[in-house]
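Heads up: the structure comes next, in structure tokens.
Values quoted throughout were computed directly from the atomic coordinates according to the rules given, and no laboratory measurement underlies them. Here the structure is a predicted model, which means the values were calculated and not measured. Quick reminder, even Gly has a Cβ in these numbers, built from the backbone with ideal geometry, and neighbours come from all protein chains shown.
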Amino acid sequence: PALTSMQSFPLYDKPLRIQFAKMDSDLISKRKNTFVERPKRRSDSDLPSISKKEKRRQQLAAKEQQRLLKAQIAAQFPGLPTGMPPMMPGMPPMMIPPPPMINRPVLHPPIFGGEMPNNILFVSNIQDANESMLTTLFKAYNGFREVRLIPGRDGIAFVEFDLEHQAAMAKDGLQGFKVTPDKEMMITFAKK
């Protein structure tokens, strides 16, 4: 069956976790003539109104609880990047996902290692990566335009962004990203 054949199938270097549904969907239960109307979920308008002070107090308490949980996880798993879920015993090592959309203004992009900033990045050491994988990685950054693989040249690509500082942020975020367990992506600014 599909469940066993696709279980733990590596998708972007992460194993798929597949489970059967706990109950039939409404459509399936209607086909089987076992449909039972479920109560509607309550919307915010149905809930009793909460004062602004009480709502703010609840938000602050939730933020504090989240901060304490992060600190507890960081203490239990030193060296694990913040926000990354801890690995379970026997679980294959996961790659660090790209950071979420970042939109911080940079007035003057710094020159890294003598490189002149450019809105186009030169990506190398990616022999096993394809265009869709690279697009998935880089589109997490603001200003992403496109990935261009070089035909006939295995393992290199150009990634274009709207602005230089957006390219710099993607370069910093994905530098050394492991495309495979033994190959790290190398990113430089393309020469102008």
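Show the residues, 5+ positions off or on another chain, whose built amide H is closer than 5 Å to the amide H of Lys183.
The list, which skips near neighbours in sequence, is empty: none.
Under a plain spin-label model, where a point goes 7 Å from the Cα along Cα-to-Cβ, how far apart in nm are Lys22 and Arg38?
With each label point 7 Å from Cα toward Cβ, the separation is 0.9 nm.
Over the range 120-189, what relative contact order in percent results from Cα pairs under 8 Å that are six or more residues apart?
It comes to 41 percent, rounded to a whole number.
Please list 3J(HN,Hα) in residue order for the range 152-168, calculated via the Karplus relation 6.51 cos²θ - 1.76 cosθ + 1.60 where θ = phi - 60°; whole Hz, with x for glycine and proline.
x, 10, 6, x, 9, 7, 10, 10, 9, 10, 5, 10, 4, 5, 5, 5, 4
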